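**Student:** Please see the structure below; I have some questions.
No value in this document is a laboratory result; all are computed from the given coordinates. Everything quoted here is computed from the prediction, not taken from an experiment. Reconstructed Cβ throughout: ideal geometry from the backbone, glycine too, with neighbour counts over all protein chains shown.
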Amino acid sequence: MIQKTAFITGATSGIGKATAQLFAKNNIRLILCGRRNERLIQLKEELSKLTDVTTLQFDVSKKEEVFNAIESLPKEFQKIDILINNAGNAHGLNSIQDGNLDDWDAMIDINVKGLLYVSKAILPKMVVRNEGFVVNIGSIAGKEVYPNGNVYCASKYAVNALNKAMRIDLNKHNIRVSAIHPGAVETEFSEVRFKGDTDKAKNVYKGFKALQAEDIADIIYFVVTRPYHVNIEDLIVYSTSQASPTIFKKGV
């Protein structure tokens, strides 16, 4: 069986890290990308015991950083079979009239433009080879708008639209494209959204069993390991306790 190579953005925490760990256990070679170099070093040391690993430190929202980093890949890692567009952030939870412009820029730059930059740097080589797989990590926020979600939801609606557009444009090139849209996942997500307020972040997941990063990693692995004629194009994933973006069954 030919060993596949996966390129994972946002690999230093949460869903990206859990996916890297599961892929490594299943002998998928890894290109791990993130902004925090110390975490990349630690993860490479851990996973190199299981598979071949290289790392790239860059910010997906910085166009030149993205292209320079990907162009610098060692020859043995230049054939990318699987692209996991996972990097993304939420910043703030304010009404549209009270929104912070810097927060808006950060969400658009990372969630939308970052996905586009990375995809643009990798897709042309997949097109030449007439094969490849792109998995875009969206959010339930890209399916339903919720109070004070405004720009974050807009950015994830864009991911949803881009996922559909990629699938249409890349269909003739035999490239599979899939999106996974999780509900509440207990990661650093809320801590980032609330700008380091850990008490506020913990309250988001209080009283119910949220999805874990490993749950989404399992689903990503399932999606990418289907026979090549199978493309799971769009998945919404909730925990049992979540019925919609705002409705949860919480215990005492």
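**Student:** Return the distance in nm (one decimal) between the two label points of a simple spin-label model at Ser48 and Lys250, each offset 7 Å from Cα along Cα→Cβ.
**Tutor:** 4.4
**Student:** Would you mind classifying the stretch 93-137 by shape? Square roots of the alpha carbon gyration tensor eigenvalues, ordered a ≥ b ≥ c; an a/c under 1.5 is rounded, otherwise it is prolate if a/b is larger than b/c and oblate if not.
**Tutor:** It comes out prolate by the Cα gyration axes.
**Student:** Enter the angle in degrees (range 0 to 90, nearest 10) between the Cα long axis of helix 150-170 and the first principal axis of the Cα atoms of the chain, meaning the one along which they spread out most.
**Tutor:** The two axes meet at around 30 degrees.
**Student:** Relative to the longest principal axis of the C-alpha atoms of the chain, give the angle of the C-alpha long axis of helix 213-224, reported between 0 and 90° and rounded to the nearest 10°.
**Tutor:** 40
**Student:** Here's another thing I want to ask about it. Excluding Asn163 itself, what net charge comes from residues whose Cβ is under 13 Å from its Cβ, given Lys and Arg +1 and Asp and Glu -1?
**Tutor:** For residues surrounding Asn163, the net value is +2.
**Student:** When Cα Rg over 2.2 N^0.38 Å is calculated directly from the model, which label among (i) 1.17; (ii) 0.93; (iii) 0.98 fits?
**Tutor:** (iii)
**Student:** When the chain is fully extended, how far beyond the present Cα-Cα distance does Glu144 get from Ile236, taking 0.36 nm per residue of separation?
**Tutor:** Between Glu144 and Ile236, full extension yields 32.0 nm more.
**Student:** Then there is this: Please identify, among Leu50, Leu101, Leu22, the residue showing maximal mean-square fluctuation in a Gaussian network model of the chain using a 10 angstrom Cα cutoff.
**Tutor:** Comparing Leu50, Leu101, Leu22 in the GNM, the peak value goes to Leu101.
**Student:** For a Förster distance of 22 Å, can you work out the FRET efficiency between the beta-carbons of Asn68 and Ile41, rounded to the nearest 0.05?
**Tutor:** 0.65
**Student:** While we're on this one: Anyone know which of Asp102, Asp215, Asp52 comes out most mobile in the 10 Å Cα GNM of the chain?
**Tutor:** In this elastic network of the chain, the residue with the biggest mean-square fluctuation among Asp102, Asp215, Asp52 is Asp102.
**Student:** Could you tally up the Lys pairs in the stretch 143-226 with alpha carbons closer than 24 Å? Skip any pair fewer than 8 positions apart unless they're on separate chains.
**Tutor:** 13
**Student:** Using only Cα atoms, find the angle between the long axis of helix 14-25 and the longest principal axis of the chain, and express it within 0 to 90 degrees, rounded to the nearest 10.
**Tutor:** The angle comes out at about 30 degrees.
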